[in-house]
Amino acid sequence: MIPIVRLTWRQLWRDRRIPLALAVLVALVGVSLVLDGLRSSRTERDRVAADLADQQTFNAQGPRNPHSVAHLSRFAFRPRLQTALLDPGVSDYTGAAVWMEAHKQDPATARAAEDRLELGRASELGIAWVWQVVVPLLVLVLGFDAIGGERERRTLPLLVVGGASLARVIAGKAVALFAVFAGALVVTTIVASLAGSSVTPVPDRPLRVAMWVGGYLAYIAVWIVLVLAVSTRARSSRTALIVLLGTWTLGVLAVPRLAATMADEGAAIPSPAAIREAMERDLEHGFDGHAGSEDRRKALEARVLAQYQVTSLDQLPVSFAGIALDEGERFAAEVFDRHHRALADRYRAQRTLRRSAGLVTPLIALQHLSTAAAGTDVEHQLAFLGAAETSRRTIVGLLNADMTAHAAGKDFEYQAAPSLWQTIPVFTYAAPRLAIRDSAVDLAALGAWLLAALALLGWSVWHANQELSS
Amino acid sequence: MTSIRAAARWDARALRRSRVSWLALGILAVAVGLAVWSGLRFRASWDQEAGHEAVLERFERMQQLASAPADPWSAMPLMTTTRIAVPAAPLAELATGRADLDPRTANVSPFTHAGTLFRDYQTASPSALATGRFDLAFVIVYVLPLVIIALGFGLLSEERERGIDRLLAVHGIQLRRLVAGRVLARFVPILLPLLAGLAVLFFAGGDLTAVRAARYLATVALAAGHATFWWGVVVLVSTWRLGSSGTLVALVVTWVALVLAVPALVGAATTALHPAPSRFTLIAAARAADIGATARAAELIGGYAHDHPGLDPKAATAPPTWALRAFVVAREVDAAQAPLFDAFDRALGAQQAVVAGFQFTSPALLATRGLGALAGTNEARALAYRDQARAFLAGWREAMGKHAMTGATVNADLLGAMAPFAFAEPSLAAVLAAAAVPLAAMWVFAGVLVLVARSRLPRT
C-alpha cells in the first residue's frame, strides 16, 4: 500500500494540486487565526477592564438603600474561552453581558454580530468554516479522478495486474489523501491552541481538543471515502466531479441552512414581546391567574405577623419591605425558571430537528460536535445564563437580607453602609465540563456516516472488480 | 439571428435529454420554492409581531386613561409607558439580511435611556441566527451561480472532447452565434423559476404598491445582472480550451474565490480594520454615569427645574422622589452615553466605507449589498429605526417629565397630544440610490466579461 500512497502524492504534487490545496489552507487558516486571535485577546482585555471598572464603581457608590443597589446590581460578562478559537459557534450571535438586577431575569445583551455589517452568513471566516466548508471542496478537487483518472489513462488495469488489488489501490489513495489533511488539521490545532493561550483557560481543554480533532478527522474521512466511492463507480471523472459537486452543494451549502430554517419554523421561538408578556402576566396574576400579587402580599403579611406574634407591621422587629422583596424574588424565580426552561426546551427541540437533517449531510453532526467541544454552542450559553441567574439571586438575596435585618421602620429610607457592597460576591464563570453524553448522538451520526460511506465504497469496488474481471 | 435561434432550439433539445440539466434545474426550482415559503413565513411573523405591538399600544393607552382618575399611580405622567415597533421591511420576504438580528420592538418610559431601550429582544434561536435564513437572496447569491456552472461548463468543452468543434468549423458555423444560442437556451430555464419566485413574493408578500413594484423591478435587474455575470464567467473559462473536467474545476475554484473566500476575507478585514468599541466598556460607562447621576439626583432635579422656567417641582402634585430621580438619571445617562454611541456609529460607518470599496471584488458582495438595500433589511434601515426610536424616547421622556413637574395628571388630552411611534421609511429614491451602485457595477462587470469572452471566441 505504501507505494500507492507515494505514487498518489507524487501525482498530486506534480500536477500542483497538493501545493494549491495547502496554499489555500495555509492562507485561510492563517488569516483566520491571526484575526480571531487578535479579536479574542482584545475582547478579553476589554471584558476584564470593564468588569474591574464596574466593580470599582459598584463598591464606591457610598451609602444607599440596598434595594436601590439591587436595581443597579452588577453585570455578568461572559469570558471568551480558549477553545472558542477553534469554532466561534453561536457566540457572536448570543449576548455576552447579563444585567443581574432585582425583579428581572434579563436576557443576555451585547451580541458581537450586531456591531458588524451583514455580508451573508455563509462565509464568515474562521478555522471551523475553513474545515467544514472549504476542505471538503479541496478533498473533492484532489480526489475526484483518483480512480476514474487511472481508468481513463488505462493505468488501473496495470496497477491491478501489477499485484495490487483494487481495494488496496483505493486504500492507498485514501491513506494518501487522509494523511495530507490530517497533518494539516493537527498543525492547525497546535497553532490555534498556542494562539488561544491569552484568553480564559478551560479545565478540560485536552478532552475538548481531542473531541474536536476526532470529529474533524471523521468528517474528512467521510468525504475522502465518498469521493473515492464516486470516483470508482462513476463512468468518467467528469461525471464523478458533477456528482460530487452536487453533493457538496447540497450537503455543505444548502441543507444546513435549510435545516436551521426548518427547525426555526418547526419549534418556533415566541417573539420577545410574547415571552415578556407571559412572564409579566404570571408575575402579576400567578400561574393559575387567581393568585395575584396583591393576594400574595396579603397572605405574606398575615404569615409574617403570625410568625413574629405582632398585630401590625409597625411592630415588626424587621423590615417587612425586605421580606416582601425577598418573597417577590422567590416567586419571580419560579416564573423565570418556568419560562426560561420553556425557551431552552425550544432551543433543544430545534437542535433535535436539525439533527434529523443529519441523515442528508454529515456537516450538521460535525457542527454540533465542534461547537460543543469549543464551548460555543447553545448549551454553553445556557450554562452562562444559568450561572448569571444564580449569581443574581445571590446578590439580590444578600441585599434583601440586609434590608430585612436593618431597615425596620425605615424600609426604603434606610441607607446601608458602603462596606456592604464589598461583601457582594464577584461573578465568576467557569465553563461546564464537556458533556460527552450530549454529543453522543452526533458522534454516533458521524460514525454512521463513515460506515455508510465505507459501504458505498465497498459496493463501488465490487462493481469495479466485476468490470475489471469481465 | 436565425442561426442563434436555431442553436438555441437545438441546445434546448439537448438539454431536455441531459440528466445533469434536469437535476440542476430541479434543485434550483426546489430551492426557489423553499426560499419563497421561508421568506413568506418570515414576513408573516414580522407583520404579526408589529400588528400585535400596535394593538397593545392602543390597549395600554386606553387602560392608562381608564385607571388614571381612580389610581394616583397611573395618573402620574412619569408612570406612562408606550410601545414602539418597526413595521416589516418592504421586501422582508426576499432577503432576511440582518433583520432577524436587530431589535424590532421596544418599551418606552420616562425612565428608559438609549442603553436600555432595546433590552428584551435577544431571544431568537442562536443557531438559526448563526446559520442564516434560507431565503431567495441566498438562492440568488449562492445557488444560482452553481446552477449556471452546472448547466454551462460543457458549453464548448464537450464538443472539443468529442472533436465536433472541428466539424462545426468545417461547416462554417459561427462559434459566437452558436455560443449565444446555447447561453440563451440555458439562461431562460434558469430565469423562469427565479422570476416565478419573485412574482409570488411580490403578490403574496405585501401590498401591491408602485414602491414595492419598483423595488422588485430593481431586484429582477440585479438578479439578471448577477446571472449574466456568471454566464460571462462560464463563457470566458470555456474559451481556455480546457477539458470539461478542467473547465468545471476552474469554474468551481472561481465560484469559491468570488462567492466564499473574498466576502469572508472582506468581512474579516473590515471588522479588523474598524472594530466597534467594546460593548462591555459601554455598559460599564453607562453604569458609572447612572451611579454618578443618582448621587447628584437632587442637584439634577433642581438643575432641570432651573433650565425649564415655569416648572416648579415644589408646586407640583409631588411625584415621588424616586420617580423624579429615575427620570433625571435616565436623561443624564443618555448624555453620558452619547459619545460612546457615536463611536459605534463611526465604526459602523467606517466598515460601510471599506465594504463599499471592496464590494467590487465580488459579485456575491454586490448582490448581497444590493438585495439588502432593496429589501430594507440592511444596516441603513436598522439604523434609521434605531435613531427614530431614540428620538421618540427622548421626546416622550421630556414631555412626560415636564408634565410631571407641572403637576399635570394623565388624561385624554395629555396622552392624545403624544402621537404613537410611526416609523418613517427611508425614501424610495434613497433606497434606489443605495442599490444603484451594486446594480450598475454588476451589469458593467457582466458586460465587460461578456465582451472579453466574446472577443476570445473565434468568429468561425
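All of the numbers you see were taken from the coordinates with simple rules; none came from a lab. These figures come from a predicted structure and were not determined experimentally. All Cβ positions, even for glycine, are placed from backbone atoms using ideal geometry, and neighbour counts span all protein chains on display.
General observations
- Segment B:Leu217..B:Leu65, full-extension length gain: 50.0 nm, with 0.36 nm per residue of separation and the alpha-carbon distance subtracted.
- Positive minus negative residues near B:Gly152 (Lys, Arg vs Asp, Glu; Cβ under 9 Å): +2
- Considering only B:Pro277, B:Leu23, B:Gly395, and ranking their Cα positions along the charge dipole of the protein assembly as shown that arises from unit charges at the beta-carbon of Lys, Arg, Asp and Glu, the one farthest toward the positive end is B:Leu23.
- Compactness relative to 2.2 N^0.38 Å, alpha carbon Rg of region A:1-108: 1.89
- Nearest-0.05 FRET efficiency for A:Ala27 and A:Met1, computed from C-beta distance (R0 25 Å): 0.20
- Over 17 Å [Cα-Cα, region A:103-193], rounded percent: 68
- Note on chain A: dipole from Cβ charges, positive end direction compared against A:Gly30, A:Val230, A:Val310; the farthest Cα belongs to A:Val230.
- Taking every residue in A:55-62 and counting other chain Cβ atoms within 10 Å of its Cβ, the average works out to 3.
- Calculated FRET value between A:Ser165 and B:Ala44, using beta carbons and R₀ = 60 Å, to 0.05: 0.50
- Per-residue shielding of A:240-248, expressed as the average number of other chain Cβ atoms within 10 Å of the residue Cβ, stands at 4.
- Global form of region A:150-278, assessed from the alpha-carbon gyration tensor, a/c cut-off 1.5: oblate
- When all alpha carbon pairs of region B:304-412 are counted in 10 Å bins from zero, the resulting P(r) reads 12, 30, 21, 16, 13, 7, 1 %.
- log₁₀ of I(q)/I(0) at q = 0.05, 0.06, 0.07, 0.11 Å⁻¹ - chain A, Debye sum with one point per alpha carbon: -0.29, -0.39, -0.50, -0.94
- Relative contact order (%) - criterion: Cα under 8 Å, at least six apart; region: chain B: 28
- Mean shadow area of region A:196-262, taken as a quarter of the surface of its Cα convex hull (nm²): 7.1
- Take the convex hull of the alpha carbons in the protein assembly as shown; its mean projected area over all directions comes to 42.1 nm².
- Residue (of A:Ala113, B:Gly181, A:Leu86) at the positive-pole extreme of the protein assembly as shown, dipole from beta-carbon charges: B:Gly181
- Local electrostatic count at B:Leu414 - Lys and Arg +1, Asp and Glu -1, tallied over other residues with Cβ under 13 Å: +1
- When +1 charges are put on Lys and Arg Cβ atoms and -1 charges on Asp and Glu Cβ atoms, the dipole computed for chain B relative to its Cα centre reaches about 2520 debye.
- For region B:134-292, the gyration tensor built on C-alpha atoms gives an oblate shape. Its axis ratio a/c (a ≥ b ≥ c) is at least 1.5, and a/b is not larger than b/c.
- Simple spin-label estimate for B:Ala196 and A:Arg153 in nanometres, 7 Å along Cα-Cβ: 4.5
- Magnitude of the charge dipole for the protein assembly as shown, about its Cα centre and with charges confined to Cβ atoms of Lys, Arg (+1) and Asp, Glu (-1), is about 5020 debye.
- Region B:1-87 - charge dipole about Cα centre, Lys and Arg +1 at Cβ, Asp and Glu -1, debye rounded to 20: 1160
- Take each residue in B:14-20, count the other chain C-beta atoms within 10 Å of its C-beta, and the mean is 1.
- For region B:1-123, average projected area of the Cα convex hull in nm²: 12.8
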